[in-house]
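The values are calculated or read from the model by the stated rules, or taken from the named source; none is laboratory data. Treat the numbers as computed from the prediction; the structure is a model and nothing was measured. Please note: Cβ atoms are built from the backbone with ideal geometry, for glycine as well, and neighbour counts cover all protein chains shown. Ligands, DNA and RNA are stripped out before the accessible areas are found, and what is left, the full protein with its side chains, is counted by its heavy atoms. Shrake-Rupley method; radii C 1.70, N 1.55, O 1.52, S 1.80 Å.
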Amino acid sequence: MTSPEICCHSEEIVSPGEAMRKVFTMVSQVAESPSTALISGETGTGKELVARAIHRLSQRNDRMMIKVNCAAIPANLIESELFGHEKGSFTGATERRIGKFELAHKSTLFLDEIGELPLQLQSRLLRVLQEREIERIGGRTVIKTDVRIIAATNRDLQKEVIAGNFRSDLFYRLHVFPIQIPPLRDRKEDIPGLAAHFLVKHARKGSQSPTSISPRVMRQLMAYDWPGNVRELEHLIERSVLLTFGAVVDKLYLQLPKPVASDISVAGRRIKTIEEVEREHILAVLKLCDGKISGEGGAAEKLRIAPTTLSSKIKRLGIKRGINGNS
């Protein structure tokens, strides 16, 4: 059994803190079993990296892990993506397609953003998980599959079950071995190591590149709450590497939020609150995307956040989407 310390310092994951050590202990416990794992956590916390770690430590690691992002595929195409289809089974099916379940035979299938899976497909997925067999769309042959499932979500699936958006039987089938990844704001002891790792990862090739971060900038990194989690930290370090011409990153290229009262003004001009700025920015991006939230070219893609996160922000900020994203 690979120790959590080895997993903790793997080629993709660098997190020496106690909170993540507990996560990696769970990874080691479940990796060599065929059990289904459900990884939960906010967007940007590294759910896919944890899924890769489970696969890499499993007995199926001689085959590639297959990934499906349930939020990125239109509802009318995801059934074909998962189970495949036969030629002529529907308009546009000009040839046979092998689905991800078949591709993942004897390997691992990672179902990212499982909370976005349409209700009508949840029952079929449950049946496939129970029976371990599939049928392509338009097919007449039952195909046996040996697939290890790892699912991930940034939603609270128990609340989704109560709201009627997620099947309770599928939830309990996936919830065999739950792993909760804490947000970066709750494990700030990881920030120095992560920042150093990203500094090396994004070092400029063939030219002088920063090799360290000044104490002042590190204090700012530690003080920030990181709503975008590890992904946001990596993007910030990458940007800092590009904008720093010296051995030390001595400036933080991030506008840290500062609490301001709504009635504060400078020279008679009212200063907008962070929520007002965020609302205006989301409205502008929605207008640019003709009101489209998810999928290719959608507002979530341009804002680099999950569609569910954007939908929550839209609801919280009271944005009513109309034509071209107007409120």
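Summary of values
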quantity	calculated
Cα pair distances of segment 141-184 binned at 5 Å [whole percent]	5, 16, 24, 21, 15, 10, 6, 2, 1, 0
Hydrodynamic radius by Kirkwood, which averages 1/r over all alpha carbon pairs of segment 215-255, in angstrom	10.6
Normalised convex hull volume, segment 21-139, alpha-carbon set, Å³ per residue	112
Exposure ranking of LEU57, LEU125 by accessible area [1.4 Å probe, largest first]	LEU57, LEU125
Placed amide H near ILE293: partners under 5 Å, 5+ positions off or other chain	ALA299
Portion, in percent, of the accessible area of the chain that falls on carbon or sulfur, probe 1.4 Å	52
Residue-count net charge about ARG316 - beta-carbon cut-off 10 Å; Lys, Arg +1, Asp, Glu -1	+1
Paramagnetic reach from ASP156 (point 7 Å along Cα→Cβ, amide N under 14 Å) across segment 274-304	none
Whole-Å semi-axes of segment 93-197's equivalent ellipsoid (Cα gyration tensor)	32, 19, 12
Volume in Å³ per residue [convex hull over Cα atoms, computed for the chain]	183
With DNA, RNA and ligands ignored, accessible area of SER294 (1.4 Å probe; Å², nearest 10)	50
Where THR244, THR141 fall by accessible area, highest first, once all protein chains stay in place (1.4 Å)	THR141, THR244
Solvent-accessible area per residue, Å², over the chain with all protein chains present [probe radius 1.4 Å]	53
Phi to ³J(HN,Hα) by Karplus 6.51 cos²θ - 1.76 cosθ + 1.60 over segment 274-290, Hz, x for Gly, Pro	4, 4, 5, 5, 4, 4, 5, 5, 5, 4, 5, 5, 4, 5, 4, 9, 6
